[in-house]
Amino acid sequence: MCDLNNKIMKELIGLKVLLAEDSLVTQMLITNILEEVGVEVLMAKSGVEAVQIAQNNSIDLVLMDINMPEMNGIEAAIEIKKINNCIDVPIIGLSGETNERRLMEFKEAGIGKNINKPVSPNDLLDVIVETINSKSTNKAFFNKVEKMSETELYSLETISEISRGDEEFIQRMVKIFISETPKAIEEIEAALVSLDYARIKAVIHKIKPSLKMMRINSITEEAQALEDYTDSLTNLNEVPGLVSRIKEVCVQVVNDLE
């Protein structure tokens with residue numbers, strides 16, 4: 001069990017949290033963190049599903065990914081706040097967004113706080129405890145480790161930290177990466193052929209948490225640039241090169257893991 005003080009544990013145990021997130025990796029990581037401290041997690045894979053779960057369940061808090069299929073996080077938050085028993089339920093955003101205008105949109109939709117992805121256990125629980133008005137001594141789950149060198153191809157340290165060394169969990173995460181990443185790259189390449197930039201943006205956004213969790217630092221900037229360019233439809237001449245570079249590194253990582 002995590003090294004949290006009794007007061008915080010009492011605040012968290014039995015808390016019912018709706019997690020709206022379309023990335024399987026992020027779903028597993030956040031669920032693992034929350035269930036470890038006694039939080040009950042209700043999972044939604046889209047904004048539409050999140051609204052449906054909120055309508056049919058009593059929940060204490062929502063963790064909302066901002067970019068999801070069918071209905072995005074902002075739209076879902078607005079709809080959830082219309083539900084009678086959810087008017088006062090706090091919603092925490094899951095996004096790396098730093099733009100002030102966008103953050104204001106979050107607040108206007110009822111999203112009070114925002115947590116960057118990939119999510120760390122400390123940050124997640126700190127914000128949840130703060131949101132539910134508990135005072136925390138904020139003891140860490142584990143000591144911080146040194147950041148990996150940018151020359152390393154990948155590292156499992158982040159996953160190991162979050163799972164507290166659970167080898168079975170680490171292996172499950174690795175298998176998911178090996179299975180899902182090549183499919184995502186193929187989907188991006190197919191979308192590039194048809195010039196479907198919206199699809200490229202959606203897929204790269206979905207796999208970015210996996211790249212960060214695996215600490216594939218060498219293509220962090222390329223992945224962000226690919227998402228930005230396909231979102232704004234600017235610098236599109238650079239998209240093929242970004243896709244090629246991301247594929248090259250991901251293939252190397254998958255081959256090494258296998």
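The values are calculated or read from the model by the stated rules, or taken from the named source; none is laboratory data. None of the values given here were measured: they were computed from a predicted structure. All Cβ positions, glycine included, derive from the backbone under ideal geometry; neighbour counts span all protein chains shown.
So, Ile91, is that one crowded, with 21+ Cβ neighbours inside 10 Å and in contact (Cβ under 8 Å) with a residue 24 or more places away in the chain or not? Taking the combined requirement at face value, the residue satisfies it. Please indicate, with yes or no, whether at least one residue in the range 123-139 is at pLDDT 85 or above, surrounded by 15 or more Cβ atoms within 10 Å (Cβ to Cβ), assigned to a loop (DSSP other than H, G, I, E, B) and of a type in the set (Ser, Thr, Tyr). Within the range 123-139 (the criterion being at pLDDT 85 or above, surrounded by 15 or more Cβ atoms within 10 Å (Cβ to Cβ), assigned to a loop (DSSP other than H, G, I, E, B) and of a type in the set (Ser, Thr, Tyr)), the answer is no, since none of the residues qualifies.
Taking the numbered list (1) surrounded by 17 or more Cβ atoms within 10 Å (Cβ to Cβ); (2) closer than 21 Å to Ser46 by Cα in turn, Tyr229 passes all entries but (2). Of the residues making up the range 143-161, those that are at pLDDT below 80 and closer than 16 Å to Pro121 by Cα number 3.
Test of understanding: among Glu221, Glu180, which residue is under 24 Å from Asp22 (Cβ atoms), under 20 Å from the mean Cα position of the chain (by Cα) and exposed (fewer than 15 other Cβ atoms within 10 Å of the Cβ)?
Glu221
Of the residues in the range 106-129, none is farther than 22 Å from Ser163 by Cα and touching a residue at least 60 places away in the same chain (Cβ under 8 Å).
Results for (1) over 17 Å from Ser95 (Cβ atoms); (2) within 19 Å of the chain's Cα centre (by Cα); (3) modelled with pLDDT of 90 or more, shown as yes or no for each residue.
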position: Lys7; (1), (2), (3): yes, no, no
position: Glu36; (1), (2), (3): yes, yes, no
position: Ala50; (1), (2), (3): no, yes, yes
position: Ala54; (1), (2), (3): yes, no, yes
position: Leu63; (1), (2), (3): no, yes, yes
position: Gly73; (1), (2), (3): no, yes, yes
position: Ala76; (1), (2), (3): no, yes, yes
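Could you say whether any residue in the range 200-213 is surrounded by fewer than 18 Cβ atoms within 10 Å (Cβ to Cβ) and either among the basic types (Lys, Arg) or touching a residue at least 24 places away in the same chain (Cβ under 8 Å) (or both)? Show your work before the answer.
We begin by selecting, within the range 200-213, every residue surrounded by fewer than 18 Cβ atoms within 10 Å (Cβ to Cβ); these are none.
Looking for residues that are surrounded by fewer than 18 Cβ atoms within 10 Å (Cβ to Cβ) and either among the basic types (Lys, Arg) or touching a residue at least 24 places away in the same chain (Cβ under 8 Å) (or both), one finds none in the range 200-213, hence no.
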